[in-house]
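Participant: Let me give you the structure first, and then I'll get to my questions.
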Amino acid sequence: MLSCIVNIQPKDAGSGGGETRESVVYKLADDMLEKLPGDYIPHEVKDRLKKMGLLQPINIFLRQEIDRMQKVLTLVRSTLKDLKLAIDGTIIMSENLRDALDNMYDARVPSNWKKISWESATLGFWFTDLLDRNVQFHLFEGRPNCFWMTGFFNPQTRNYQSTKSWALDLVVLENDLTKMVKGYHSCSIRRCVFIHGLHLDGAGWDRRNVRLIEPSPKVLYTLLPVVHVFATNQDKPKSSSQYECPVYKKPRRTDLTYIFPLMLKTNKNPDHWILRGVALLCDTK
């Protein structure tokens, strides 16, 4: 409904300061171009991944993520530059540029950016995510020990399941919860990873006893500590002291945003948390 209201507003109205839509967006485009990270240099990416092991499943996954991030950077940079030229009258204002101008003025993500990237409530949140995702990729000097789940386009479990000696259909993911909120941990086993940045929706977390508890009043989301995820080839029976908590990319819980389940300790029957709809979210925006 709010989106419809915004769409029917007059497009030629100035802002409260007397500036036109074009001048506001022009300044915004300048600011975004100044903060936009540089392009990835192919041979540097290849050399860095080579040190980590080019054929390792997790590194193939990282290469795909970097390629997708480069496409986003290229599109954003070209759109912002063309938009400035169109506002100056140097080139024609195309349909895509007009869409970008209207959406940027309304603090929304342009349609063609959203198609190749990720959903976000506002342009500010989206651009901050872009900068944070880019920083994560540049921090990888060796095999990453800790991953920010929100910073990936496609954080699917199959990327963590491949091993040299086990058949994929026999691989089972297990996890432990640490007491650290964020950090980098050492792991000598190459088939284990640490992930952070997950938020509990519908429950709280007892950090001392490492288990689910009732949420605090007026608290929508609770940050989960760093999770240690590792692969085994043995499927253990489910325990009544653990809740199989689904992990989603976004607050909208659909098959498209579902990633995988994590086992969380609880002193209550798992049905209690199922009825409350408890889940883990990579992104709360």
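The values are calculated or read from the model by the stated rules, or taken from the named source; none is laboratory data. All figures in this text were calculated on a predicted structure; none of them were measured in a lab. All Cβ positions, even for glycine, are placed from backbone atoms using ideal geometry, and neighbour counts span all protein chains on display.
Participant: Provide a single number: the residues in region 45-72 that are of a type in the set (Asp, Glu) and either modelled with pLDDT of 85 or more or not in a helix (DSSP H, G or I) (or both).
Facilitator: 2
Participant: Right, here's the next one. Any residue in region 184-207 that is of a type in the set (Lys, Arg) and modelled with pLDDT of 75 or more?
Facilitator: yes
Residue by residue, here is whether (1) in contact (Cβ under 8 Å) with a residue 24 or more places away in the chain; (2) loosely packed, with under 15 Cβ neighbours inside 10 Å holds:
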{"position": "91", "(1), (2)": "no, yes"}
{"position": "123", "(1), (2)": "no, no"}
{"position": "126", "(1), (2)": "no, no"}
{"position": "130", "(1), (2)": "yes, no"}
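Participant: So residue 235 fits all but one of (1) more than 28 Å from residue 132 (Cβ to Cβ); (2) modelled with pLDDT of 85 or more; (3) loosely packed, with under 14 Cβ neighbours inside 10 Å; what number is the exception?
Facilitator: The number of the failed condition is (2).
Participant: For residue 5, all conditions in the list (1) modelled with pLDDT of 90 or more; (2) exposed (fewer than 13 other Cβ atoms within 10 Å of the Cβ); (3) among the β-branched types (Val, Ile, Thr) hold save one; what is the number of the exception?
Facilitator: All conditions are met except number (1).
Participant: A follow-up question, please. Since residue 115 meets every condition but one in (1) surrounded by fewer than 16 Cβ atoms within 10 Å (Cβ to Cβ); (2) touching a residue at least 24 places away in the same chain (Cβ under 8 Å), which condition does it not meet?
Facilitator: Among (1) surrounded by fewer than 16 Cβ atoms within 10 Å (Cβ to Cβ); (2) touching a residue at least 24 places away in the same chain (Cβ under 8 Å), the lone unmet condition for residue 115 is (2).
Participant: Please state which of the following conditions residue 118 fails to meet, knowing it meets all the rest: (1) more than 25 Å from residue 48 (Cβ to Cβ); (2) not in a helix (DSSP H, G or I).
Facilitator: In the conditions (1) more than 25 Å from residue 48 (Cβ to Cβ); (2) not in a helix (DSSP H, G or I), residue 118 misses (1) alone.
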